[in-house]
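Just below is one structure, and these are the notes that go with it.
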Number of protein chains: 2
Amino acid sequence: MGTGQRRPTGRPRGFDADEALERALLVFWERGYEGASLANLTEAMGISTTSMYAAFGNKEELFRKALERYSEGPSAYLARALEEPTALRVATAIVAGAIRTTTRPTGPNGCLGVQGALATGDSGRAARDLLITWRGNDYSRIRDRFRRAIDDGDLPEGADPALLARYVTTLTYGIAVQAASGVHRDELQEMADAALRGWPLR
Amino acid sequence: MGTGQRRPTGRPRGFDADEALERALLVFWERGYEGASLANLTEAMGISTTSMYAAFGNKEELFRKALERYSEGPSAYLARALEEPTALRVATAIVAGAIRTTTRPTGPNGCLGVQGALATGDSGRAARDLLITWRGNDYSRIRDRFRRAIDDGDLPEGADPALLARYVTTLTYGIAVQAASGVHRDELQEMADAALRGWPLR
DNA sequence: CACGTTCTGCATCGATCGGTACAAAAATGG
DNA sequence: CCATTTTTGTACCGATCGATGCAGAACGTG
């Protein structure tokens, strides 16, 4: 009953939580989990540490929510790519999406899922493990899509979906590192086009 | 004349600087520049912070020297690979060397040149820039080797050395991320074999 | 109005960060 | 022996780390 969303009791928030999370995402993206201090984060978010802790829990939870936002925003190209009609078009769309996302003229270079926490100290271990799981999920979804492509007759019977998924993810992670090093979009796209010419790698 | 190396005046060192640097390298490799604290480093090196600073300068210099040691040790496969007689054998050796180095049963997974400092805060910016230069060097050496392969008639006239070098480095960086995620050596090698079957990417 | 609830600003917490001051220890040269 | 040079252990530096205590402000409700 009722009108659905009711205004909660108590003092209302003085900031937009979505907007603040977006700012935090950008900081994590650029500096990595360990490199992003609470001072960096709260300054970019425009709120105090108190407000951040009240709204998001702690730094680790904030990172987790930023990663979710990343999956549904900059990294949403993956879900769309998996709906392409053929395995080759799926692979092409994934790689192109990765290049576009990691080399946006505005925003950080690289991929949050890679550079967010690749090698860390003890304090970043949870974030690192989270990203390992995140990357593993992407791999599994791509592999499953390629399995379906064999059932569809789109990929030949002899094709290896796991190997092809490993190849596509390896390309995207490599692209993420190149982008973080400042390599430009056009050069990466030419390389990616060539890399998929041998599809499905015989 | 003298006997060459003369024992210097003053109290002699109580530790083996080479051995200590090797230990520091392993810590940086596993935790990254920012994730490796002085306490982590000196404990692994078996010396006090005072001795570390006297022998190596500071944390940044220690990282620089660890990277040099990495280039001449775990990453030495690159120089050997560049001496292979054909471009395909060069590419094959580079990728195989990267897989072996990033998935050693003993020692950290992944590549120091990638995960040592990919995205950092202000304190890690110098290390990050150093690794960008390091990776850029590797790319240039590979590209130059492929240029020579065209002169040798080993690669066809129409081949693009820069594109091929970008492809090989992208594969190795992607492999480094996969290895850091715990993907096993055999799976990566199968993928790499397939990835080079289309060489020179037409 | 008072009340309960939630959020905010300020001050601060103990722990850890990278880095050093200082004097004793251990070597060489006279 | 003494003087010089270099390394070592101890103790410590100010800054920053992630995180919190607390009082008051800002809302809906009765």
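For the pair B:ASP16 and A:ARG89, a Förster radius of 51 Å applied to the C-beta separation gives a FRET efficiency near 0.35, rounded to the nearest 0.05. Count Lys and Arg as plus one, Asp and Glu as minus one, and take only other residues whose Cβ is under 15 Å from that of B:TRP199; the net charge is then +3. For A:LYS59, the aspartates and glutamates whose Cα comes closer than 12 Å to its Cα, not counting residues fewer than 8 places off in the same chain, are A:GLU34.
Applying a DSSP loop filter and a limit of 16 other Cβ atoms within 10 Å to the trypsin sites (Lys or Arg not before Pro) in the stretch A:6-115 leaves A:ARG6, A:ARG13. Counting, for every residue in B:67-74, the Cβ atoms of other protein chains within 10 Å of its Cβ and taking the mean gives 0. Taken residue by residue and averaged, Cβ atoms of other chains lying within 10 Å of the Cβ of A:35-41 number 3.
Gyration tensor over the Cα atoms of chain A: the corresponding equivalent ellipsoid has semi-axes (square roots of 5 times the eigenvalues, largest first) of 36, 20, 15 Å.
Averaged over residues, the count of other Cβ atoms within 10 Å places the peptides A:49-57, A:90-98 in the sequence A:90-98, A:49-57, highest first.
If the segment from B:GLU72 to B:ALA126 were pulled out straight at 0.36 nm per residue, it would be longer than the present Cα-Cα gap by 17.3 nm. Highest mobility in the GNM of chain B, judged by mean-square fluctuation with C-alpha springs under 10 Å and restricted to B:GLU61, B:GLU190, B:GLU72, is found for B:GLU190. A cut-off under 10 angstrom between Cβ atoms defines the neighbours of B:THR103, and their net charge, with Lys, Arg +1 and Asp, Glu -1, is +1. Partner shielding of B:121-129 amounts to 3, given as the average count of beta-carbon atoms from other chains within 10 Å of each residue beta-carbon.
The relative contact order of chain A comes to 22 percent, based on Cα pairs under 8 Å that sit 6 or more residues apart. For the stretch B:24-124, would you read off the P(r) tail past 24 Å as a percentage of all alpha carbon pairs? The proportion of pairs with Cα distances above 24 Å equals 31 percent. Farthest toward the positive end of the dipole of the protein assembly as shown, out of B:PRO200, A:GLY153, B:ALA119, is the Cα of B:ALA119, where the dipole comes from beta carbon charges about the Cα centre. Between the stretch B:80-118 and the stretch B:152-202, the C-alpha centres lie 11 angstrom from each other. The calculated pair-distance distribution of the protein assembly as shown uses every alpha carbon pair, bins of 10 angstrom beginning at 0, and gives 5, 21, 29, 23, 13, 6, 2, 1, 0, 0 percent. Counting only aspartates and glutamates at least 8 places from A:LYS65 when in the same chain, those with an alpha carbon closer than 14 Å to its own are A:ASP18, A:GLU19, A:GLU22. What is the stretch B:17-66 by shape, rounded, prolate or oblate, if you read a ≥ b ≥ c off the alpha carbon gyration tensor as root eigenvalues and call it rounded for a/c under 1.5, prolate for a/b larger than b/c, and oblate otherwise? It is rounded, given that a/c, with a ≥ b ≥ c, falls under 1.5.
Values quoted throughout were computed directly from the atomic coordinates according to the rules given, and no laboratory measurement underlies them. All values reported here derive from a predicted model rather than from experimental measurement. In this analysis, Cβ positions are derived from the backbone assuming ideal geometry, glycine residues included, and neighbour counts consider all displayed protein chains.
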